[in-house]
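Trainee: Submitted below is the structure of interest, expressed as C-alpha cells.
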Amino acid sequence: MAQEWAAKQQGMRMTSSNDDGGRRLWDPKGLRVILVEDSWHIGFGVKNWLLAWGVEIVGPVATPAEAERLISEQVPDVALVDLNLRGGEWAHNLIDRLHENAVRVIVMTGYSDVQVVPGTVAAILRKPFSEEQLLAALKLVTPDR
C-alpha cells in the first residue's frame with residue numbers, strides 16, 4: 001500500500017462511500033493520532049494542522065521510548081512517525097509494535113529510499129509535504145471515517 005501512495009496522492013477526493021451506497025464527506029475529527037517527530041518545527045506545524053482539523057493528537061514526542069509510553073496509555077488510530085529520531089535512533093521497532101497493535105502507520109521522512117518491513121506501513125510522506133498531502137494520507141489510511 002505504501003508504494004501505491006505516490007500514485008494515489010494526486011487524485012484523492014475527500015469523499016467516501018457509506019454502507020447504504022451514498023456519498024459522504026470524509027472527516028478526520030475525533031481521529032486519535034500519535035506524532036513521533038524529533039524536529040521541533042515539523043512537529044509543531046503538523047500538530048497545528050491536526051488540531052485545526054479536530055484530530056485528537058498526542059505528541060509530538062522525539063523518541064521511540066516516549067512513544068511507547070504514550071501508546072501503552074491509549075492506542076491511537078494512526079501514527080505519524082519520522083524514521084530517524086533524536087540521537088540517530090531509528091523507529092523500525094516502534095513501527096513493528098504499532099503494526100502489531102493494528103495502528104495504521106504513516107512514515108514521514110526526508111529519505112528517498114525507505115526500508116521498512118512490507119505491510120507494516122500504510123503510507124509514506126516525503127518531507128517536505130503539504131497540509132493537503134498529510135490530509136490525503138490520513139484519508140487513505142482511514143477511508144471509513
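Each reported figure results from applying straightforward, stated rules to the coordinates on display, with no laboratory input. Here the structure is a predicted model, which is why all the values come from computation and not from measurement. Here the Cβ positions follow ideal geometry from the backbone for every residue, glycine too, while neighbour counts run over all protein chains shown.
Trainee: What net charge do the residues around Asp113 carry, taking every other residue with its C-beta under 15 Å from that of Asp113, with Lys and Arg at +1 and Asp and Glu at -1? Mind showing how you got there, number by number?
Mentor: Numbers: positive: Arg126, Lys127; negative: none.
Result for the neighbourhood of Asp113: +2.
Trainee: Sticking with this one: Which one of Ile34, Trp53, Pro76 has its Cα pushed farthest toward the positive end of the charge dipole of segment 28-115, where Lys and Arg give +1 and Asp and Glu give -1 at the Cβ?
Mentor: Looking along the dipole axis, the top candidate is Trp53.
Trainee: Can I ask one more? By the gyration tensor of its Cα atoms, with a ≥ b ≥ c the square roots of the eigenvalues, what is the shape of segment 28-115: rounded for a/c under 1.5, prolate for a/b over b/c, or oblate?
Mentor: Cα axes put segment 28-115 in the oblate bin.
Trainee: Considering the Cα trace of segment 72-119, what is its radius of gyration and what is Dmax, both in angstroms?
Mentor: 10.9, 33
Trainee: Please give the length that would be gained between Glu89 and Val114 if that part of the chain were fully extended, namely 0.36 nm times their separation in residues minus their C-alpha to C-alpha distance (nm, one decimal).
Mentor: This chain segment gains 7.5 nm when fully extended.
Trainee: Want the number for Leu51 to Lys127: 0.36 nm per residue separation, take away the alpha-carbon distance, what's left?
Mentor: Gain on extension, Leu51 to Lys127, equals 25.4 nm.
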